[in-house]
Amino acid sequence: MKYVKATTLYDGMQSKRDMYIGFEGNAITYVSQNKPEGDIISEGVVTPAFIDPHSHIGMDRYGEPSRESEANEQLDPMLPLGRAIDGVYMDDRAFQESVENNVLYSVVLPGSGNIMGGMGSLLRNFGRNIKEAYVRDIGVKMALGYNPRSTVEWKGARPTTRMGVSAIIRDRFTKARKTMKLLESGKKSVDEIDPDMEFLISLIKGEKRVMCHVHKQDDAFFLMSLVDDFNIKPIVNHGMDFHSPEILMDMKERKIPLVYGPMDSLPYKVELKHESWRNVKMVRDSGIVFALISDHPVILQRNLFLTTRHFMRFGVSREECISYITSRPAQILGLDDLGTIEKGKLASFSVWEGDPFSFEGYPKLVIGEGKTLHSE
């Protein structure tokens, strides 16, 4: 068994001193204060692998012009059968830089130019190709607000207002519900409906999640009306213009989680006019289940950990800050084998040189599912 000694272990929930973490194959097999038998390979502060629950890494790529982006397909505003994984190139240099900074897993999503842009997927940032990188689908990307109504020059029936966006969504979900009733009554068979409709039915049956791009509070209230009317299961993505606690209370009541961010980017459009790093206190104090995102390349994924400093400004502990990019995204995304350092979880973690919360700290050893990915 190989093992590392954690002078401090941030396990994704709490911290402990002088712990040993052993692993065999791709799994953690030992976590204890007692020194095990085996080969020690490193010593220092240990954290779980970071998880970014919203990015476009591999679709918007280093060194390629914007016209080469794979993030938005302009064919039609409703593309539920699209899959982000089919637009990813793993030779994007950003993946390696993320790995070097302990961000080992990404949810890669289509962009927000379409009302429904396709399925987002969880990837291993250290995969050599999409076959190695792909872990599982997470949820279909849906977008509200400015973005889907800013694409009128693209193909298809493009809305020019938020009202138009909502009309298209309600039309499709209503048709899906009616079709579902016909299927349940035996008046139609699955073979008689098209694949898009079959997919939409899976959404209103709660079988698939919706990763919904939302910044404005009123758009979030509209999303909750869809939850009430059609029983969809959303994860709110962004929420950067949320500036009053009522919206968070309503989301909490409906058990709607939030993947929040990107922090430290320019509020470049009107729907971000209330964005402020100070809103993090309201988000944290609300008690809503949330995690942090990069929205790479809006901010580079390698800098995801740095955004936790805004919460520390309001007294949030180091342990809780680390949970925002480890155990919290794992909880929200349903990743039972990631997010914490525990026996039986995947052996994906880093040993840090110095204090991770210091400018001088950096991962000196990065382990991904039992394999050494980076060392210095």
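Just so it is clear, none of the values below were taken in a lab; they were calculated from the coordinates. Just so you know, these numbers come straight off a predicted model, no measurement behind them. All Cβ positions, glycine included, derive from the backbone under ideal geometry; neighbour counts span all protein chains shown.
Calculated [222 nm] ellipticity per residue, helices only, for the chain: -7000 deg cm²/dmol; basis is -39500 (n - 2.57) per DSSP H run with n ≥ 4, divided by all residues, nearest 500. When the Cα atoms of segment 317-359 are aligned to their principal axes, the ranges along those axes come out at 32, 20, 12 Å in descending order.
Sorting the segments 245-252, 171-178, 346-353 by their residues' average number of neighbouring beta-carbon atoms within 10 angstrom, most packed first, yields 346-353, 245-252, 171-178. Quick one: in segment 230-362, what % of C-alpha pairs are over 18 Å apart? Tail fraction, whole percent: 58. Its alpha carbons give segment 139-223 an Rg and a Dmax of 14.4, 41 Å. What do you get for Rg/Rh over segment 72-205 if you use C-alpha atoms and the Kirkwood form of Rh? We get a ratio of 1.06 for segment 72-205. Seen from residue 258, the other residues with C-beta closer than 15 Å to its C-beta sum to a net charge of 0, counting Lys and Arg as +1 and Asp and Glu as -1. Residues in segment 358-376 near a label at residue 43, defined as backbone nitrogen under 19 Å from the 7 Å Cα→Cβ point? Backbone N within reach: 362-366, 376.
Which length gain, in nm to one decimal place, applies between residue 190 and residue 16 when the Cα-Cα distance is subtracted from 0.36 nm times their residue separation? Don't skip to the answer; put the middle values down first.
Numbers: separation 174, 0.36 × 174 = 62.64 nm, distance 5.37 nm.
Going from the current span to full extension adds 57.3 nm.
In a fully extended conformation the segment linking residue 246 and residue 128 would gain 38.0 nm over its present Cα-Cα distance, using 0.36 nm per residue. By the beta-carbon count within 10 Å of each Cβ, the least crowded to most crowded order of 13, 19, fewest first, is 13, 19. Each of 61, 93 was scored by other Cβ atoms within 10 Å of its Cβ. Listed from fewest to most, they are 93, 61. With just the Cα atoms defining each centre, how far is segment 82-137 from segment 320-373? Give it in Å. For segment 82-137 versus segment 320-373, the Cα centre distance is 18 Å. If you take the Cα centroid of segment 295-315 and the Cα centroid of segment 169-212, the two points sit 38 Å apart.
What translational diffusion coefficient, in µm²/s and rounded to a whole number, does the Stokes-Einstein relation yield for the chain at 37 °C and a viscosity of 0.692 mPa s, taking the hydrodynamic radius as the Kirkwood radius over Cα pairs?
On the way: Rh = 21.4 Å.
So the translational diffusion coefficient is about 153 µm²/s.
Judged by the mean number of other Cβ atoms found within 10 Å, the most tightly packed of the peptides 151-157, 124-130 leads the ranking 124-130, 151-157. For the peptides 208-220, 80-92, the ranking by packing is 208-220, 80-92, with the highest mean count of neighbouring Cβ atoms within 10 Å listed first.
Checking the table 175/269; 187/216; 187/255; 141/345; 131/233; 269/345 against a 31 Å threshold on Cα-Cα, which pairs fail? Each step should come with its number before you reach the end.
Working: 175/269 33 Å; 187/216 41 Å; 187/255 35 Å; 141/345 28 Å; 131/233 28 Å; 269/345 41 Å.
Over 31 Å apart, Cα to Cα: 175/269; 187/216; 187/255; 269/345.
By the equivalent-ellipsoid construction on the alpha carbon gyration tensor, segment 67-143 comes out with semi-axes of 23, 12, 10 Å, ordered largest to smallest.
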